[in-house]
Amino acid sequence: MEFQQVRYFVALCETLNFTRAAEQCNVTQPSLTRAIQALEAEFGGPLLHRERNNTHLTDLGHIVRPYLEALMTQIVTAKTRASEFAQIKDVSLAVGMMCTIGPQRLIGLMKKYRDQYPGVYITLRDANGKTLQKLLDEGEIDVAVLSFPGETPDRFHAQPLYSERFVIAFAEGHEFEKLNAVRLRNLHQKLYLSRVNCEFGEYMLELYRQNCV
């Protein structure tokens, strides 16, 4: 069964006239007639009684009509949704955000994207880096804004957005105030504040062990 056969039959159900149905479908009447005959052969019986001024559905035609009309509706809807998706209309985008990234960096980006693609419904989900990787692997989110300690895993396609440095904050009068830069070895045996669940905590500790022990 072909889409055109279904379309021609639905048009015939509405018009009950081969000439008008052919005009409505923008085809020649012989082409429409052959398509209906092929459809009848597939269903195993006539779908319409062909009389000069009284074309009407057979019992078989009445049986299959609601199914083919529903199929026609679904096909049209599917084509419309596919077209909308191709044009980025009425689609959703799930974005994961690493919780340590300041939202001020992304406000302008989100506004620009929203202005350019108003038909995209964006949802944001914040989590730590490991959780976001898991959500990406499981298809729960489409894209994530996060950073990886070291190299980006090969299974992800990464696009750099910006870079930033690690900095040391200390009180006025601290011995680090005399330094132009604080090196890892300068941190040996120093007290510091550690944020719980820091994404780079283990990475920094390993760097510290390699450079200071």
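Cβ crowding within 10 Å, taken as a proxy for footprinting-reagent exposure, orders Phe43, Phe18 from fewest neighbours to most as Phe43, Phe18. On full extension, the segment bounded by Gln29 and Asn54 gains 7.3 nm, given 0.36 nm per residue less the C-alpha separation. Beta bridges assigned by DSSP with both partners in the stretch 33-159 are antiparallel in approximately 15 percent of cases. Of the GluC sites (Glu not before Pro) found in the stretch 9-90, those in coil by DSSP whose Cβ has at most 15 other Cβ atoms within 10 Å are Glu51. Multiplying the residue separation of Val182 and Phe200 by 0.36 nm and subtracting their alpha-carbon distance yields 4.7 nm.
Note on Glu2/Ser92: beta-carbon distance plugged into 1/(1 + (r/R0)^6) with R0 of 30 Å gives a FRET efficiency of 0.35. When a/c is below 1.5 the answer is rounded, else prolate if a/b is larger than b/c, else oblate, so apply that to the stretch 91-145 with a ≥ b ≥ c taken from the square roots of the Cα gyration tensor eigenvalues. Verdict is oblate for the stretch 91-145. Label-to-label distance for Ala158 and Glu69 is 5.8 nm, based on points extended 7 Å past Cα in the beta-carbon direction.
Computed per residue of the chain from DSSP H runs no shorter than four, each worth -39500 (n - 2.57), the mean residue ellipticity at 222 nm is -14500 deg cm²/dmol.
Cα centroid separation, the stretch 176-195 to the stretch 21-57: 86 Å.
List the trypsin sites (Lys or Arg not before Pro) within the stretch 1-70 that fall in a DSSP loop (any state other than H, G, I, E or B) and whose Cβ has at most 14 other Cβ atoms within 10 Å. Provide the component values of the computation, followed by the final result.
Values: sites: Arg7, Arg20, Arg34, Arg50, Arg52; in loops: Arg50, Arg52.
Sites meeting the loop and neighbour criteria: Arg50, Arg52.
Residue order for His157, His49, fewest other beta carbons within 10 angstrom first, comes to His157, His49. Qualifying chymotrypsin sites (Phe, Trp or Tyr not before Pro) in the stretch 114-213, where qualification requires a DSSP coil assignment and no more than 14 other C-beta atoms within 10 Å, comprise Phe156, Tyr162, Phe166, Phe170, Tyr192. Bridges between two residues of the chain, per DSSP, are antiparallel at a rate of about 15%.
Of Ile63, Ile141, how do they rank once you tally other Cβ atoms within 10 Å and put the fewest first?
On the way: Ile63 13, Ile141 20.
With the fewest neighbours first, Ile63, Ile141 line up as Ile63, Ile141.
From the coordinates of this entry, Cα Rg over 2.2 N^0.38 Å is computed, and it appears in [x] 1.31; [y] 1.07; [z] 1.95 under the label [z].
Throughout, read-outs are computed from the coordinates displayed, never taken from laboratory work. These numbers come from a predicted model, not from an experiment. Neighbour counts run over all protein chains shown; Cβ positions are idealised from the backbone, glycine included.
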